[in-house]
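A.B. asks: A single structure is presented below for examination.
The values are calculated or read from the model by the stated rules, or taken from the named source; none is laboratory data. What you see is a predicted model; the values in this text were computed from it and never measured. Using ideal geometry, Cβ is built from the backbone for each residue, glycine included, and neighbour counts are taken over all protein chains shown. Side chains are part of the model used for accessible areas, which takes the heavy atoms of the whole protein and leaves out ligands, DNA and RNA. Shrake-Rupley method; radii C 1.70, N 1.55, O 1.52, S 1.80 Å.
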Amino acid sequence: MSASAPVLVVEDLTVRHGGEKHALAGVSLSLRAGEVLCVVGASGAGKSTLALALLGALPPSAVCSGRICMGSRAFDADDRQSLEGLRGRGIGMVWQDPLATLHPLRTIRAQLGEVLLATRSPLAMKARLDTALLDVGLDPPAVFLRRYPHQLSGGQRQRTGVALALAAAPAVLVADEATSALDASLRLEVATLLRDRCRAAGAGLIFIAHDLSLVASMADRVLVLEQGRVVEVGHASEVLGAPCSEAARRLLAARPRTSSSRSHAAVALRENDAVREPVATTTAVRVRNLVARPGGRRMRAALDGVDFDLYRARVLGVVGASGSGKSTLARVLAGLIAPESGAVGHADKAGQSAVQLVFQDPAASFDPRMRLRESLAEPARLARRDTSVPQDLLQRVQLDVALLDRYPHELSGGQLQRFAIARALQCAPQVLVCDEAVSALDTIVQGEILNLLREIAERERVAVVFIGHDLAAVASISDYLLVLHEGRVVDRGTVAVVLERPLHPATQAMVASTRTLENAMDVLIRE
């Protein structure tokens, strides 16, 4: 095969689930060796369906047509058995959540060895183990080979996923939202790793993402999907710099930026930069010298001496790398984890009952067997209150009352997250804790949910704690920021001050990585 010949060609790929409308309708694309093709689109556009169709991993009920060609070999899209045979050496896959795809009871050595042994002799497999981890930046390999997935950080787990996908030397690698659960520094590191390793191996990379700044930093070409159809494809500078399709223009307009973040006038900053504390009058919660050690006294403290205040009608953004203590803080505030020491003081006697959580994955936070009307009534039932859904509740989160009688799987991710917010509001909370509540959503839906949360904070005078790893998204909604690093608060203040004058190296790295991604997009637009 010549250097310029495509390693993958997809012709007129169509996928329909049961009697529903097309998930994919006549999708065609080509991919060359060493090329990075980024696939973008709103939720429900068909991005993940495309990835599953290439792997022959669609559910049996899916009806497929079209052709998938790799080199000189061509397969019908509905030939699942042949497409399954391509997995590994033909097409490799890096999934969004490595913790869900890595085997929890097997060491990294066992899992990586199994993949290598499928294409190599036992002797060659042993020789390749160390190199496979070194290639993805896991050093020293002997340490990581002994570990189990739960003993790795989020970035380390995703690097392990990349090593497993590349171990069989595939001609094509598909990464489906492989960096969306990582903070800005790790997103850039893992995306660059994927691009560089694929180019070094001569493999084509299909990179599915909703982070357009990240796409701009690594894409050779960009393909835009809308409602299962290709509406635009071309060089990254053309699609992102001067988009022709309305779908691409909407995605670009919705992306959050640190330069457009809020710094609410009512939350001022003292002159002393060493303090950098926001000043406000109406306090909802005071947290003092909080120490939490969920793993037991022998483990490092997940939170170590954390202090801050929450204010009514204000949004506190909490950012930090994986393992910094963000989710532990959310659980302590909600009363799900008892702190080892310190105090969480509420302004009134309602205490923890006035704190409600909104989780990252809306689909996982609802019982799939219950209609949404029942799910909304459940918190009131547990509190022995009126279980009827208030007439204005759905209006407050901009949802149609007709959706109440549907099941969770019948709604989009954005609709489900609005229901999750409605369920939290059902209990009239004083504090709303949102733990990575938009990281699984595309930029358009993300922006809608961020605006909704901002409106709720101001209209209902709720204190909102918005936890995330995407600094631009967190900054866009927040009045003031708290930066966690290894369980400690290392930076705090209004959004503008933390972004322009970061004190700690962890904050500086986070701001620099975010601005690097934003600048990559700005360069394409200027071109």
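A.B. asks: Name the single residue, out of those in the stretch 410-419 being more than 16 Å from residue 455 (Cα to Cα) and part of a helix (DSSP H, G or I), that is farthest from the chain's Cα centre (by Cα).
C.D. replies: Checking each candidate, the answer is 410.
A.B. asks: Could you list, in sequence order, all residues of the stretch 70-96 that are part of a strand (DSSP E or B) and either within 16 Å of residue 203 (Cβ to Cβ) or open to solvent by 30 Å² or more (accessible area, probe 1.4 Å) (or both)?
C.D. replies: Within the stretch 70-96, 70, 73, 74, 76, 87, 91, 92, 93, 94 qualify.
A.B. asks: Another question about this same structure. Given the conditions (1) in contact with a Gly (Cβ under 8 Å, 6 or more places away or on another chain); (2) open to solvent by 60 Å² or more (accessible area, probe 1.4 Å); (3) within 29 Å of residue 451 (Cβ to Cβ); (4) at pLDDT 90 or above, and given that residue 312 satisfies all but one, which numbered condition is not satisfied?
C.D. replies: (1)
A.B. asks: So, of the residues in the stretch 337-359 that are open to solvent by 60 Å² or more (accessible area, probe 1.4 Å), under 23 Å from residue 462 (Cβ atoms) and out of contact with any Cys (no Cβ under 9 Å at 6 or more places or on another chain), which turns out to be modelled with the lowest pLDDT?
C.D. replies: 352
A.B. asks: Could you please let me know if residue 262 is assigned to a loop (DSSP other than H, G, I, E, B), charged (D, E, K, R) and modelled with pLDDT under 90?
C.D. replies: Against the criterion (assigned to a loop (DSSP other than H, G, I, E, B), charged (D, E, K, R) and modelled with pLDDT under 90), residue 262 qualifies.
A.B. asks: Can we say residue 147 is farther than 30 Å from residue 72 by Cα, at pLDDT below 90 and either open to solvent by 40 Å² or more (accessible area, probe 1.4 Å) or assigned to a helix (DSSP H, G or I) (or both)?
C.D. replies: Taking the combined requirement at face value, the residue does not satisfy it.
A.B. asks: Being assigned to a helix (DSSP H, G or I), open to solvent by 30 Å² or more (accessible area, probe 1.4 Å) and in contact with a Lys or Arg (Cβ under 9 Å, 6 or more places away or on another chain) is the filter; apply it to the stretch 102-125 and report the residue that is farthest from residue 74 (Cα to Cα).
C.D. replies: Looking at residues that are assigned to a helix (DSSP H, G or I), open to solvent by 30 Å² or more (accessible area, probe 1.4 Å) and in contact with a Lys or Arg (Cβ under 9 Å, 6 or more places away or on another chain), I get 109.
A.B. asks: Right, another one. So the check is Cβ under 6 Å with 6+ separation or different chains; which pairs have a first residue in the stretch 20-32 that's farther than 21 Å from residue 5 by Cβ and a second one that's of a type outside the set (Val, Ile, Thr) and open to solvent by 40 Å² or more (accessible area, probe 1.4 Å)?
C.D. replies: Matching pairs, first to second residue: 22/16; 23/17; 25/229; 26/12.
A.B. asks: Additional query: Has the stretch 409-424 got any residue that is aliphatic (A, V, I, L, M) and farther than 24 Å from residue 465 by Cα?
C.D. replies: yes
A.B. asks: Follow-up. Out of the residues in the stretch 440-476 that are open to solvent by less than 10 Å² (accessible area, probe 1.4 Å) and small (Gly, Ala, Ser), which is farthest from residue 213 (Cα to Cα)?
C.D. replies: The residue in question is 463.
A.B. asks: Scanning the stretch 233-259 for residues that are at pLDDT below 80 and under 23 Å from residue 42 (Cα atoms), which turns out most open to solvent (accessible area, probe 1.4 Å)?
C.D. replies: Applying the filter and picking the extreme gives 257.
A.B. asks: Next question, about the same structure. Would you check which residues across the stretch 499-517 are of a type outside the set (Lys, Arg) and surrounded by fewer than 20 Cβ atoms within 10 Å (Cβ to Cβ) and list them?
C.D. replies: Scanning the stretch 499-517 gives 500, 503, 504, 505, 508, 509, 512, 513, 516.
A.B. asks: Would you mention how many residues in the stretch 162-212 are in a loop (DSSP other than H, G, I, E, B) and in contact (Cβ under 8 Å) with a residue 40 or more places away in the chain?
C.D. replies: Count: 16.
A.B. asks: Please verify whether residue 224 is open to solvent by less than 50 Å² (accessible area, probe 1.4 Å), modelled with pLDDT of 90 or more, in a helix (DSSP H, G or I) and of a type in the set (Val, Ile, Thr), treating the condition exactly as stated.
C.D. replies: Criteria not met by residue 224.
A.B. asks: Considering only the stretch 478-498, state which residues are aliphatic (A, V, I, L, M) and open to solvent by 10 Å² or more (accessible area, probe 1.4 Å).
C.D. replies: Passing the criteria: 489, 490, 496, 497.
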